Amino acid sequence: MKSEYKINDTILLLVKGDITDQDVDAIVNAANAQLVLGSGVAGTIREKGGDSIQEECDRLGGTYVGGAVMTGGGNLKAKHVIHAVGPRMGEGDEDTKLRNATMNSLLLAEEHDLKSVAFPAISTGVFGFPVGKCAEIMLTIVVEFLKRPTKLEKVVFCLWDQDTYSIFKDRLDKLI
């Protein structure tokens, strides 16, 4: 299942599936501040990408909530993993932190001349962020980013289940 949109010269794609299977320059990991690849998206990245990704994360030592750092992609199709630290629900100022994690991921991709990047629904798993609010925030940031000149040719939102996909599609249809 997928939905395709075009913003200036960039394709914005919503797909239902496993982010680790995406054929893009970088996938975004919904990371924790310590960059420990535990469960959810991060656990799948470690499982499919191999130990080298965690080893690079250990050398980086972590980043702040709202921040993003990049490692290699190990055995994944993607050459890189952008580790974006989203907020835990209830920690305070969650909306701003999610906006920052999304924007910092885009800026990091741009800084490294990447052409394509795939995002999950950051913080909606064990961090408890509401999916609808996540969709509103992340899609707004990405659409605004793509309205200006960018080197990115494709941005993908890879969503794990039908409910999340439907919520993101509904929000994006209203936004565009």
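Which residues, counting only those in region 19-36, are charged (D, E, K, R) and under 25 Å from residue 175 (Cβ atoms)?
Correct list: 25 only.
Table: residues versus (1) surrounded by 19 or more Cβ atoms within 10 Å (Cβ to Cβ); (2) among the acidic types (Asp, Glu).
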| residue | (1), (2) |
| --- | --- |
| 10 | yes, no |
| 14 | yes, no |
| 21 | no, yes |
| 50 | no, no |
| 58 | no, yes |
| 73 | yes, no |
| 78 | yes, no |
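Does residue 2 meet the test of being modelled with pLDDT under 95 and basic (Lys, Arg)?
Yes, satisfied.
Out of region 42-81, which residues are β-branched (Val, Ile, Thr) and over 19 Å from residue 126 (Cα atoms)?
Correct list: 53, 69, 71, 81.
Quick one: in region 90-128, which of the residues that are in contact (Cβ under 8 Å) with a residue 12 or more places away in the chain and at positive phi is nearest to the chain's Cα centre (by Cα)?
Once the filter is applied, the top-ranked residue is 123.
Can you find even one residue in region 126-135 that is of a type in the set (Gly, Ala, Ser) and in contact with a strand residue (DSSP E or B) (Cβ under 6 Å, 6 or more places away or on another chain)?
So far as region 126-135 goes, no, none of its residues is of a type in the set (Gly, Ala, Ser) and in contact with a strand residue (DSSP E or B) (Cβ under 6 Å, 6 or more places away or on another chain).
Scan region 142-175 for residues that are crowded, with 16+ Cβ neighbours inside 10 Å, part of a loop (DSSP other than H, G, I, E, B) and modelled with pLDDT of 95 or more and jot them down.
Within region 142-175, 150, 152 meet the criteria.
Being touching a Cys at 6+ places or on another chain (Cβ under 6 Å) and of a type outside the set (A, V, I, L, M, F, W, C) narrows it down to one residue among 102, 164, 124, 140; which is it?
124
Output yes when any residue across region 129-141 is part of a loop (DSSP other than H, G, I, E, B) and either buried (at least 24 other Cβ atoms within 10 Å of the Cβ) or without any contact (Cβ under 8 Å) to a residue 60 or more places away in the chain (or both), and no when none is.
Yes, that holds for at least one residue.
The values are calculated or read from the model by the stated rules, or taken from the named source; none is laboratory data. Given the structure is predicted, the values throughout are model-derived calculations rather than measurements. Cβ: placed from backbone, ideal geometry, glycine included. Neighbour counts: every protein chain shown.
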